[in-house]
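To start, the structure under review is shown below, and the notes come after it.
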Amino acid sequence: VQLQASGGGLVQAGGSLRLSCAASGGRAYGMGWFRQAPGKEREFVAAIRWRDLAIYYADSVKGRFTLSRDSTKTTVTLQMNNLKPEDTAVYHCAASSRSFITSSARRLETYDYWGQGTLVTVSS
């Protein structure tokens, strides 16, 4: 599976940005986004499980970020509103080649395909 991410950029606090990720070349059982800030570990942001369209969010973004998908189940879009400086990070699109249970949806090791990172910078 190949993942192509787009979007990101620089925005002031309180602003919005949109990230998209398109999958090709194989079947993914779920797709999502992780982010990594300088000096920090990569952390879960949001994901969708294709078999039942369950969507998962990190507590830190719940209510501000919205994950949506297209009807072909190959593209996900992360709408990020009310951005905060602490949202600044490189955002990575991810996909899982295996089915997973809910308790695994937010785990890094669930995802085995990764797209190139896209930088999101939120200025205060």
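Tabulated data
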quantity	calculated
Out of ALA37, ALA13, sole residue that is surrounded by fewer than 21 Cβ atoms within 10 Å (Cβ to Cβ), in contact with a helix residue (DSSP H, G or I) (Cβ under 7 Å, 6 or more places away or on another chain) and at pLDDT 95 or above	ALA13
Unique residue being in a strand (DSSP E or B) and either more than 19 Å from SER97 (Cα to Cα) or among the small types (Gly, Ala, Ser) (or both) when the list is GLY32, GLY26, GLY14	GLY32
Failed item, numbered, when GLU86 is tested on (1) more than 15 Å from LEU3 (Cβ to Cβ); (2) within 15 Å of the chain's Cα centre (by Cα); (3) of a type in the set (Asp, Glu)	(2)
Test for LYS84: is it of a type in the set (Lys, Arg), without any contact (Cβ under 8 Å) to a residue 40 or more places away in the chain and open to solvent by 40 Å² or more (accessible area, probe 1.4 Å)	no
Unique match (being of a type in the set (Lys, Arg), under 15 Å from TRP114 (Cα atoms) and out of contact with any His (no Cβ under 7 Å at 6 or more places or on another chain)) among ARG51, ARG27	ARG27
One residue from ASP59, ASP52 being without any contact (Cβ under 8 Å) to a residue 12 or more places away in the chain, more than 27 Å from SER124 (Cβ to Cβ), among the acidic types (Asp, Glu) and open to solvent by 30 Å² or more (accessible area, probe 1.4 Å)	ASP52
Breaking point among (1) free of Cβ contacts under 8 Å to residues at least 12 places away in the same chain; (2) in contact with a strand residue (DSSP E or B) (Cβ under 9 Å, 6 or more places away or on another chain); (3) of a type outside the set (Lys, Arg), for GLY39	(2)
Subset tally (residues that are hydroxyl-bearing (Ser, Thr, Tyr) and not in a strand (DSSP E or B)) for the range 37-59	0
Leading residue by the ranking (farthest from VAL122 (Cα to Cα)) among those in the range 62-74 that are among the polar types (S, T, N, Q) and at pLDDT 95 or above	SER68
Checklist (1) closer than 19 Å to GLY26 by Cβ; (2) part of a strand (DSSP E or B) applied to THR72, failing item	(2)
Candidate set: the range 98-124, residues that are polar (S, T, N, Q) and in a helix (DSSP H, G or I); chosen: the one most open to solvent (accessible area, probe 1.4 Å)	SER103
Unmet requirement for THR77, which otherwise passes all of (1) open to solvent by 60 Å² or more (accessible area, probe 1.4 Å); (2) not in a loop (DSSP other than H, G, I, E, B)	(1)
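The values are calculated or read from the model by the stated rules, or taken from the named source; none is laboratory data. In this text, all values refer to a predicted model and were calculated from it rather than measured experimentally. Glycine also receives a Cβ, built like all others from the backbone with ideal geometry; neighbour counts cover every protein chain displayed. Surface accessibility is based on the protein's heavy atoms, side chains included, excluding ligands, DNA and RNA. Shrake-Rupley method; radii C 1.70, N 1.55, O 1.52, S 1.80 Å.
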